[in-house]
Each structure stands twice: as structure tokens, then as C-alpha cells.
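Read the figures in this text as sums done on the coordinates, not as results from a lab. Every value quoted in this text rests on a predicted model; they were computed, and no experiment measured them. Heads up, the Cβs are rebuilt from the backbone with ideal geometry, glycines too, and the neighbour counts pull from every protein chain shown.
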Amino acid sequence: MTTPRFALAMMLLGLSVPAAALAQDVAYREAQDHTAAGDLQRPVAVEIPPPEATQELRLRDGSCLYGRVTAIETDTITFRTSAGVNVTVPRADITSLAIAEGRIANGEFLPADPNATRLFFGPTARALPRGQGYLGVYELLLPTLQVGVTDRLSIGGGTLLIFGGGGGRPVWITPKVQLYSGGRTAVAAGVIHFFVPGGDPDVGVAYGNATFGHRDSALTAGVGYAYAAGHGGSGTAVVMIGGEQRASRRVKLITENYLWRDGGLVSGGVRFLGDRLSADLGLVAPLHTETAFAFPFVSFVWMFR
């Protein structure tokens, strides 16, 4: 393209971009006006849930209620809150109504832990549902991604964040399959395999574990085998035991501990619970060392679906 034609094309493009943006803005404002007038309002589907379910009701004023729909009229619904109060709500004020993840205890709704498939770093036997996943960053340098392929199988991986310098960096994969889930017991198996650059042998841990309890109070125990690929007989058995206990609506206590031949780790701390984001803060102390010491553990995990 010659220079004059190129300049003309760029000038037309420069005129068309703001024109398109202006058209979109006008269309958006018109849609907002129609919505305000009620032309484009669509009623939210309302239904009475199963007896054991808790619903999350969001209203146009931004408020949020937890409880359940008990009666449906033409223009209103009756909503019984977790505190036992019956509220009459105009259906036009409802922006969303869905089954909430969590449970009611002593008249208070406790949202589910969004990071229930892990303790601090090690996995529980709970499974990621199909299509759900999480993105986590551990110790600010260890990002990992895990996605539910089916309701029992998930796969993920991560790498070490290295700022500056050159050379390769380790990469790990974390396939996991849930073998059993019933009542308050779940059993799973998986592998954490590290691909190590520079010609060193790949290493990893193959494990099986079980979780007993519910999301607010549970014990996880497991056994594993830490190996170095291509080095037969160089592995060692690892035992893990951990626990979680709800302390308040937004705080959970976590412990995760490992024991292997001539060594081990103990840890404890807290998890701060959001709707989809959780943050862990704890201390980790190695065993069988000449000097007793502990180092901090920090992680952030965001759930998506």
C-alpha cells in the first residue's frame, strides 16, 4: 500500500473507532432507559427448594439474605431467613435466587470453604466438580492451576516463578482421582510429579488419602511414596496427617503435617474465607534439625466455575 493510501486508511479507522464507541454508548444508554422503564426486565425464576437446601437471595438494593422460599404468590414471595424471620419480598425486587454453598448453624449461615480440596498445600480427598477449578499462588512464587475434568477426576500443574536470570525452571503436574465418596468419608489417589530441568531425574510423590468429616471439621490422613524417576530404590515412604476446624464464619484453623525417614514437617495456621477467594497464613517447622526454627507460609487461592 502506498503511503497516501495508508494514511487515508488510518484516518478513516481513527474516525470509525470513536464513531463505533459512540454508537455503542448510545445503544447502552437506551437499553438502560428501557430497563428502568421495565421494558426489558425479566423475572427471576423462583422455586421452593428441597428441605435441606439453603438459598441465597439478592435484591435490587444490594442486600443479600440466606434462608429459603416458603411461599410463592403472583407478585411476592415469602422468604424465611436463617434467623427464622419471615420476609415478604416483591418479585420485581429480586435480582438472583440460587442454592447457596454452605450450611446454617445456630441461626447463622456459614459459607462453604472455597478451597476445600486442599489443606495448606497437600490435597484432601474431596474432588473438584466438573468444570470448576482454582488458581493458587503459594509462597508468592509457586502458582498452580487445577481443573475438574469430571466430578471425580481433576488435573493441573504449575511452575516456579523465577524473576530474571536464565535456565530452565521446574514444572509439576497434579492429576488426582476420587475413588470413593459417601456421607462424611472420601478416598482419593493422585501424583505430584516434578519435571526438573538440567538433566536431573524427575521427582514426585504418589499418594493415597482419605478425608473424614465435613467442610467445617475434618481429618485428612494419607500415605505416599516419594521417588526419583530412574533411580530405583531411592524413594521413601511419607505419612501425612492434617485437619481443619471452623473457628468463625470467615476463619478456619488448618494443620498439615508430614513424617518420613529421618525427617518431617509440622505446620499450623488460619484460613480466611471469602466467597471465591481464600487466603492462608501459617508457620511451618521442620523436624529432626539441630536448631529449632519455623518459616511462614502464605497462599492465595481463587475458585472459578
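Some observations on this one:
- Distance between region 181-260 and region 125-161 - C-alpha centres, whole angstrom: 14 Å
- Whole-Hz Karplus values for region 152-161 come out as 10, 10, 9, 8, x, x, x, 8, 8, 6 Hz, taken residue by residue from phi with 6.51 cos²θ - 1.76 cosθ + 1.60 and θ = phi - 60°; glycine and proline positions read x.
- Whole-Hz couplings from phi, Karplus 6.51/-1.76/1.60, listed for region 172-182; x for Gly and Pro: 10, 10, 9, x, 8, 10, 8, 8, 7, 8, x
- With only Cα atoms counted, region 133-304 has Rg and Dmax values of 16.9, 50 Å.
- With neighbours defined as other Cβ atoms within 10 Å of a residue's Cβ, the residues Ile48, Ile155 order from fewest to most as Ile48, Ile155.
- Fewest-first ranking of Val266, Val251, Val203, using other Cβ atoms within 10 Å as the exposure measure: Val251, Val266, Val203
- Across region 170-248, the mean sequence separation of Cα contacts (distance under 8 Å, 6 or more residues apart), normalised by length, yields a relative contact order of 22 percent.
- Gyration tensor (alpha-carbon) shape descriptor, region 113-209, a/c threshold 1.5: prolate
- Of the peptides 87-94, 242-249, the ranking by mean beta-carbon count within 10 Å, highest at the top, reads 242-249, 87-94.
- Among 175-184, 118-127, 76-85, the order from most to least packed when residues are scored by Cβ within 10 Å on average: 118-127, 76-85, 175-184
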